[in-house]
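Trainee: Here's a structure for you.
The values are calculated or read from the model by the stated rules, or taken from the named source; none is laboratory data. This structure is a prediction, so every number in the text was calculated from the model and none was measured. Positions of Cβ are generated from backbone atoms using ideal geometry, with glycine treated the same way; all protein chains shown enter the neighbour counts.
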2 protein chains.
Amino acid sequence: MASSSSLTLSQAILSRSTTHPHGSSNPPPPSDHRLSLPTFSLPTFSGLKSSSLPTTTASGRRLTSRRRRAIRASAAVETLDKTETALVDKSVNTIRFLAIDAVEKANSGHPGLPMGCAPMGHILYDEIMRYNPKNPCWFNRDRFVLSAGHGCMLQYALLHLAGYDSVQEEDLKGFRQWGSKTPGHPENFETPGVEVTTGPLGQGIANAVGLALAERHLAARFNKPDSEIVDHYTYVILGDGCQMEGIANEACSLAGHWGLGKLIAFYDDNHISIDGDTEIAFTECVDTRFEGLGWHVIWVKNGNTGYDEIRAAIKEAKTVTDKPTLIKVTTTIGFGSPNKANSYSVHGSALGAKEVDATRKNLGWPYEPFHVPEDVKKHWSRHVPEGAALEAEWNAKFAEYEKKYKEEAAELKSIISGELPAGWEKALPTYTLESPADATRNLSQQCLNALAKVLPGFLGGSADLASSNMTLLKMFGDFQKNTPEERNLRFGVREHGMGAICNGIDHHTPGLIPYCATFFVFTDYMRAAIRISALSEAGVIYVMTHDSIGLGEDGPTHQPIEHLASFRAMPNVLMLRPADGNETAGAYKVAVLNRKRPSILALSRQKLPHLPGTSVEGVEKGGYTVSDNSSGNKPDVILMGTGSELEIASKAADELRKEGKAVRVVSFISWELFDEQSDAYKESVLPAAVTARVSIEAGSTFGWAKHIGSKGKAIGIDRFGASAPAGKIYKEFGITAEAVIAAAKSLC
Amino acid sequence: MASSSSLTLSQAILSRSTTHPHGSSNPPPPSDHRLSLPTFSLPTFSGLKSSSLPTTTASGRRLTSRRRRAIRASAAVETLDKTETALVDKSVNTIRFLAIDAVEKANSGHPGLPMGCAPMGHILYDEIMRYNPKNPCWFNRDRFVLSAGHGCMLQYALLHLAGYDSVQEEDLKGFRQWGSKTPGHPENFETPGVEVTTGPLGQGIANAVGLALAERHLAARFNKPDSEIVDHYTYVILGDGCQMEGIANEACSLAGHWGLGKLIAFYDDNHISIDGDTEIAFTECVDTRFEGLGWHVIWVKNGNTGYDEIRAAIKEAKTVTDKPTLIKVTTTIGFGSPNKANSYSVHGSALGAKEVDATRKNLGWPYEPFHVPEDVKKHWSRHVPEGAALEAEWNAKFAEYEKKYKEEAAELKSIISGELPAGWEKALPTYTLESPADATRNLSQQCLNALAKVLPGFLGGSADLASSNMTLLKMFGDFQKNTPEERNLRFGVREHGMGAICNGIDHHTPGLIPYCATFFVFTDYMRAAIRISALSEAGVIYVMTHDSIGLGEDGPTHQPIEHLASFRAMPNVLMLRPADGNETAGAYKVAVLNRKRPSILALSRQKLPHLPGTSVEGVEKGGYTVSDNSSGNKPDVILMGTGSELEIASKAADELRKEGKAVRVVSFISWELFDEQSDAYKESVLPAAVTARVSIEAGSTFGWAKHIGSKGKAIGIDRFGASAPAGKIYKEFGITAEAVIAAAKSLC
């Protein structure tokens, strides 16, 4: 008998890549010692340190048995016997009623999608996907994204049946209630087993493109001819709503371009959205569009009961390795509800007691609410031991890999764990006053390239502005269909898709650190994705150049005004606007360290001098004194600036000091970081007694009142920009040292 | 000889719908008295009051001549003689060099697109489009949108040649300079002749869908079997960048769904974007995608010199009346530049003196910079008289129409002029304290339906949330392919496209007042379009419901937090958050009156009582006292709130007054309107001496420091929301009267 570790990887994959048989009389015995559950250790690197590898004998027995079944399943995939089909029906109806019952109890939610998509959900989680319910963070798991996030009861029901600890019966009963693990839309930070936060339509499919990209990239970098150590699929369910959103088209165009063959998307084609039949607003031919986007397209005509059609489609999808696949599954929304199926009324409201009863009768469901029949429970119970075995198998494989490929294994390990290499921050460049003046976008490129050398999971790119955003990693080539091991991502002019793809990359594995770039003003195109970064705790780094009227001639459509304020108002975002080289390096240090919140770096197009007093340590405080000729924490006036205007504040200070004033200059690079400092620190920078305060920033003054107080003056721009050379606009708009001096003099 | 007014409309259309001959020896004599120019009267209803209608004789002569030429052109469109082709070449090169020279002088800009697209630009403005250079606002003009706005020198050159006053030679020389009429991207508010502001990619094609929708709608409402009084085309040039943007796909999917046959889009297929060959990020098959979207697709393989191919494509496009047409025109970016053509280096930078010289040699262009050869000038000179004649012709037609269809003519006139019907605001509902409590989204629906009855240009809809946003106009049906006269727009789940389409509708005609709707949080999806509303002075009404955690169970992905602040920071936007019925009516009054800035109404999902003290007049001030038991403008404390929290502030005030406090409650429905009030008024509401101030708003506290001052307290939500019933979240987050009372007591 072969030990699991001597099994080749391809054999091991074979044993999983075919569908599981249903109702097998031969599940792995739960008493088997190999199946002791790994500790649930989110989010550390799971399993690598585990000592519970399968024993030779036990493992051999199990694998033999599983391989035998696999072959049977493979041969008989379309000829399941009646008993098996009946059990699948029962399992599918269990999913439907868990959704119906939870929505009914909450009197809020979306029962229609789970009722229609239960068959594909069942097949995915019960027959197709490789996962370990007791360790939702197992690195090599298949990823599932419910892009149609409103249908989250589908996913909660599946996680519950599969044995995830995160969704117990009481959690289902607490659907949409305060503090529950089952919020109204899937939240990755609430519910282990949920990969990404969805709900805002179109985001999920774009996240999935990021997840599939991450797999493809890591596979290309780390797989060896004798060991495919990275090897999983990404599955998605998206609906008509997602299909209408532009972000979905952007991301799917890229997925086709990149040839992400292991991305398999189920399009729940139910012809109903909130406003009624899609006939009123959505009559395009989705199949044709996806063919244009370079996808393989399959149509499952009966998604309600056509289990074998669904299975065959997945099988076919897996044979197409150079294109992502869209499986259009025609379903009936609210399937089973005699009076509400196929109508918008079942989309987003509880069925109501009467219709729930009618549906129970119609589908022959005699059980109490939230009941999972014993045979269904038993059927699903194998996923806990099998999942543990899968992970153990992979751990064993990794152990082998590590022996042969020490360096690669160490690098992959650090990506999986997310532990930053010791001393990584020393790679960041430092600058002196003598360093040549430069645009912070250029200084940013130095940082990006420095970080790429020391952070193995660092990758990213721009939305067709690489040469303007200065974001190319010089040591790497482009991530493309045939060079997926490279790290420069070329997003094209697709800002929204770019942001959401980066969220997917970030959530794939803790050590992947994606950055993405465009002009700062075009954060407007991707704001919904940035908000999901913030909400879902994705530490994406947003490299946003051309951060003010300083970009000049392109004019008001390209000049950000309100953008700094708009992100300062957004929770869990670090908005950073560095003034020079050391502040840019500091901003990157902060961005890399903050793995649970996105950072937005606003960077200049125009050259800026390196200023005395700026520092990485200062940046980490968010606001700090860069120069001061006062004593006793009692300056006559405090001047504050950010980014390119810190230079102006400093110049104004020089002039005022010549006239005998005691002037403090404060760099306010990140309001969020400053807010987190102690009151004592804040008082040391902005003493309450000093009310003569002037701020200068080439953007909206909105929000500055907080720092300048009732008596201070904010110099900024509360109108749209203009098309002219930058210097001219600064002067015309009064963003000048003279203006600062005049304001300061009026106050002290 | 027939008088122009006795010509049937279809004959008149025929005389223009075929291409003009070039270099005709028979242009209308410039001395012809009919051709006296109408006064340039932007933005009033042009021409209707004009007395310079064509005389019978003169008109007959001209029309006969034009019809003869039209027939010749129609027969000979692909067999122009050499002289004519040579002149077209020369005109096309004039366009190229005006762009080259202007970019060179500015040392900034995008020469590549104008050089490649000059042929289609020439054909459109010289041969195809119907317009009056001296009245860019003539109602029935063909609309042109340069969606690839960076190539604006193409449009400036064309406007210059066509005789628009807005682009004189000195304007070309002032390209991208302070105060010029030729900013770095096309701005409708700077340059008469530019229909919409473009530059941010994808916006223009979506605007064009709105322009075409407006034409289709007005045509359906006002055309008569004997008089097609509304009848124009909408032309667009979009590039690879626009094609990649999700918003373009959203808008084009709708254009296909609506069957907008008079929308003709030229796709400048030059295979180059800023990052280089589109091969690196954009390999989808655009043709196939557009076929999927329901468009007619034509491919012009030689867009550089294939004039007849371009002409034939336009001819074909016009025969397809039930689908929009995409003409893919394969061009060479920077055509004519021997060393830079077909490369990204010509996309966004001046060619440089050396390459300009080389291009002059290569294209055989011996002229000085900015020179327009005499024969080219002469050739184009006919557009001024012809344009005037076209408008005069239409005015005559309208006079006939008015005689027969008095009521319709009056309605159309008011739409064209944008004059609101006298007393329209009296249609808005009023409420008393006894009116039943209701969600402001429902009160909003009452306002929308009231306005639709009195405002003939009022139309709009929701992004698949009509039944949640409460935006259906009950007296109208859906605008659809076969019912374009109706006014409920069904946008599907396409927020970004929706916003930009509404910008297009707004800019079509002054009296069209579009509204659009989604959940407030999803303004993130359409923020770039809202910003263009603000910048381009489009008075779109954004009906944004579910405006806080008050939406409850849908959770943090659906709960706006930072959105109020983010729009308060945006220039030229009215952010309105009404608290009850009268404030909702007031918000609509303000929104309708503000035709040059967009209004965003944040509306509640939850029921709210009608409050004492609220009023339409108060709303117009932005912030006002709704209740006060103090005297001498010296309250002990000022409580401020907006929307659903004004009720909480009022309750807290009641409690505090019971305890003997002098409390003022201020409704802060619109910060922008309050900012516009006099200092005296502001002091009367927020006396500087009263520093005890408490604000409450179920959103970010960001920005409130301005109103509460250094000593005040802001009660709000500086984190993401949660999934639970609304009441529970309010309590858990401390958005309560108790919190207001405690804060007030700590201050006074």
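Trainee: Just a yes or no: is a residue in segment B:208-221 at the interface with chain A (Cβ under 9 Å from one of its Cβ atoms) and surrounded by 23 or more Cβ atoms within 10 Å (Cβ to Cβ)?
Mentor: There is no residue in segment B:208-221 that is at the interface with chain A (Cβ under 9 Å from one of its Cβ atoms) and surrounded by 23 or more Cβ atoms within 10 Å (Cβ to Cβ).
Trainee: Taking helices (runs of 4 or more DSSP H) that do not extend beyond segment A:658-748, which have at least 1 residues that are away from chain B (no Cβ under 14 Å)?
Mentor: The helices (runs of 4 or more DSSP H) meeting that bar are A:671-675, A:679-685, A:737-747.
Trainee: May I pose another question? Give segment A:318-362 a look and list any residue that's among the hydroxyl-bearing types (Ser, Thr, Tyr), in contact with a Phe, Trp or Tyr (Cβ under 9 Å, 6 or more places away or on another chain) and not in a strand (DSSP E or B), or say none.
Mentor: A:THR359
Trainee: Filter segment B:556-568 down to the residues that are facing chain A (nearest Cβ under 8 Å) and not charged (D, E, K, R) and list them by number.
Mentor: Residues satisfying the conditions are B:PRO556, B:THR557, B:HIS558, B:ILE561, B:ALA565, B:SER566.
Trainee: For the structure I just gave you, tell me whether B:ILE530 is more than 30 Å from B:GLY727 (Cα to Cα), modelled with pLDDT of 95 or more, within 9 Å of chain A (Cβ to nearest Cβ) and buried (at least 24 other Cβ atoms within 10 Å of the Cβ).
Mentor: yes
Trainee: Would you please name the residue that is surrounded by the most Cβ atoms within 10 Å (Cβ to Cβ), looking only at residues in segment A:258-305 that are more than 13 Å from every other protein chain (Cβ to nearest Cβ) and β-branched (Val, Ile, Thr)?
Mentor: Filtering first and then ranking leaves A:ILE264.
Trainee: Any idea which of B:GLY163, B:GLY149, B:GLY179, B:GLY174 is within 14 Å of chain A (Cβ to nearest Cβ) and in contact (Cβ under 8 Å) with a residue 40 or more places away in the chain?
Mentor: After applying the criteria, what remains is B:GLY149.
Trainee: Take the conditions closer than 17 Å to A:ASN304 by Cβ and within 14 Å of chain B (Cβ to nearest Cβ) and apply them to A:PRO111. Does it pass?
Mentor: So A:PRO111 passes the test.
Trainee: Continuing with the same structure: What residue, of A:LEU564, A:LEU489, is in contact with a strand residue (DSSP E or B) (Cβ under 8 Å, 6 or more places away or on another chain), closer than 21 Å to A:ASN442 by Cβ and assigned to a helix (DSSP H, G or I)?
Mentor: A:LEU564
Trainee: Right, next: Given the criteria within 12 Å of another protein chain (Cβ to nearest Cβ) and without any contact (Cβ under 8 Å) to a residue 60 or more places away in the chain, does B:THR523 qualify?
Mentor: no
Trainee: Do we find a residue being polar (S, T, N, Q) and either under 18 Å from B:GLN480 (Cα atoms) or modelled with pLDDT under 95 (or both) anywhere in segment B:219-227?
Mentor: yes
Trainee: List every residue pair whose Cβ atoms lie under 9 Å apart, where the two residues are 6 or more positions apart in sequence or sit on different chains, the first residue falls within segment A:240-254 and is closer than 9 Å to A:ARG494 by Cα and in the same structural domain as A:THR278 (by the TED database), and the second residue, located anywhere, is crowded, with 24+ Cβ neighbours inside 10 Å and of a type in the set (S, T, N, Q).
Mentor: A:ILE247/A:GLN203; A:GLU250/B:ASN249; A:ALA251/A:ASN207
Trainee: If A:ALA739 meets every condition in (1) touching a Ser or Thr at 6+ places or on another chain (Cβ under 9 Å); (2) crowded, with 16+ Cβ neighbours inside 10 Å; (3) not hydroxyl-bearing (Ser, Thr, Tyr) apart from one, which number is that one?
Mentor: So the condition that A:ALA739 fails would be (1).
Trainee: Related question: For A:ASN572, which of the numbered conditions (1) polar (S, T, N, Q); (2) buried (at least 24 other Cβ atoms within 10 Å of the Cβ); (3) over 25 Å from A:TYR730 (Cβ atoms) fails to hold?
Mentor: (2)
Trainee: Have a look at A:PHE370, A:PHE335 and point out the one that is surrounded by 20 or more Cβ atoms within 10 Å (Cβ to Cβ) and either farther than 26 Å from A:LEU260 by Cβ or in contact with an Asp or Glu (Cβ under 9 Å, 6 or more places away or on another chain) (or both).
Mentor: Of A:PHE370, A:PHE335, the one residue that is surrounded by 20 or more Cβ atoms within 10 Å (Cβ to Cβ) and either farther than 26 Å from A:LEU260 by Cβ or in contact with an Asp or Glu (Cβ under 9 Å, 6 or more places away or on another chain) (or both) is A:PHE335.
Quick grid of which residues meet (1) under 22 Å from B:GLY555 (Cα atoms); (2) among the hydrophobic types (A, V, I, L, M, F, W, C):
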{"residue": "B:LEU451", "(1), (2)": "no, yes"}
{"residue": "B:PHE458", "(1), (2)": "no, yes"}
{"residue": "B:ALA466", "(1), (2)": "yes, yes"}
{"residue": "B:ASN469", "(1), (2)": "yes, no"}
{"residue": "B:ILE505", "(1), (2)": "no, yes"}
{"residue": "B:CYS516", "(1), (2)": "no, yes"}
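Trainee: So, in segment B:397-440, exactly how many residues are over 30 Å from the mean Cα position of the chain (by Cα), surrounded by fewer than 15 Cβ atoms within 10 Å (Cβ to Cβ) and not in a helix (DSSP H, G or I)?
Mentor: Looking only at that region, the number is 6.
Trainee: Within segment B:654-663, is even one residue in contact (Cβ under 8 Å) with a residue 60 or more places away in the chain, of a type in the set (Val, Ile, Thr), closer than 17 Å to B:ALA744 by Cα and touching a Leu at 6+ places or on another chain (Cβ under 6 Å)?
Mentor: yes
Trainee: If you take the residues in segment A:492-516 that are within 10 Å of chain B (Cβ to nearest Cβ) and in a helix (DSSP H, G or I), which one is nearest to A:LEU601 (Cα to Cα)?
Mentor: Residue satisfying both the conditions and the ranking: A:GLU495.
Trainee: I'm trying to understand the selection: among the residues of segment A:709-727, which are in contact with a strand residue (DSSP E or B) (Cβ under 9 Å, 6 or more places away or on another chain) and farther than 25 Å from B:ALA534 by Cβ?
Mentor: Once the filter is applied, which keeps residues that are in contact with a strand residue (DSSP E or B) (Cβ under 9 Å, 6 or more places away or on another chain) and farther than 25 Å from B:ALA534 by Cβ, segment A:709-727 yields A:GLY709, A:LYS711, A:GLY712, A:LYS713.
Trainee: To continue, here is another question. Tally up the residues in segment B:711-726 that are in contact with a helix residue (DSSP H, G or I) (Cβ under 8 Å, 6 or more places away or on another chain), surrounded by fewer than 19 Cβ atoms within 10 Å (Cβ to Cβ) and closer than 21 Å to B:ILE549 by Cα, please.
Mentor: Going through segment B:711-726 one residue at a time, the tally reaches 1.
Trainee: In the list A:GLU537, A:GLU617, A:GLU583, A:GLU553, which residue meets the criterion of being away from every other protein chain (no Cβ under 14 Å) and either in contact (Cβ under 8 Å) with a residue 40 or more places away in the chain or surrounded by 24 or more Cβ atoms within 10 Å (Cβ to Cβ) (or both)?
Mentor: Every option except A:GLU583 fails the conditions.
Trainee: Continuing with this model, one more query. Looking at A:GLU187, A:GLU195, which is the one that is within 12 Å of chain B (Cβ to nearest Cβ), buried (at least 22 other Cβ atoms within 10 Å of the Cβ), out of contact with any Leu (no Cβ under 6 Å at 6 or more places or on another chain) and closer than 27 Å to A:HIS371 by Cα?
Mentor: Matching residue, one of A:GLU187, A:GLU195: A:GLU187.
Trainee: I'd like to check something: does segment A:646-659 contain any residue that is outside the structural domain of A:ILE549 (by the TED database), surrounded by fewer than 24 Cβ atoms within 10 Å (Cβ to Cβ) and on the phi > 0 side of the Ramachandran plot?
Mentor: No; the residues of segment A:646-659 include none that is outside the structural domain of A:ILE549 (by the TED database), surrounded by fewer than 24 Cβ atoms within 10 Å (Cβ to Cβ) and on the phi > 0 side of the Ramachandran plot.
Trainee: Now for a separate question. Select from segment A:690-710 the residues that are of a type outside the set (Val, Ile, Thr) and more than 23 Å from B:GLU672 (Cβ to Cβ) and write down the one among them that is surrounded by the most Cβ atoms within 10 Å (Cβ to Cβ).
Mentor: Filtering segment A:690-710 for residues that are of a type outside the set (Val, Ile, Thr) and more than 23 Å from B:GLU672 (Cβ to Cβ), the one surrounded by the most Cβ atoms within 10 Å (Cβ to Cβ) comes out as A:ARG693.
Yes/no matrix, rows are residues, columns are (1) within 30 Å of A:VAL230 (Cα to Cα); (2) within 14 Å of chain B (Cβ to nearest Cβ):
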residue: A:TYR401; (1), (2): yes, no
residue: A:GLU407; (1), (2): yes, no
residue: A:ALA410; (1), (2): yes, no
residue: A:LEU420; (1), (2): yes, no
residue: A:PRO429; (1), (2): no, no
residue: A:GLU434; (1), (2): no, no
residue: A:SER444; (1), (2): no, no
residue: A:CYS447; (1), (2): yes, no
residue: A:MET470; (1), (2): no, yes
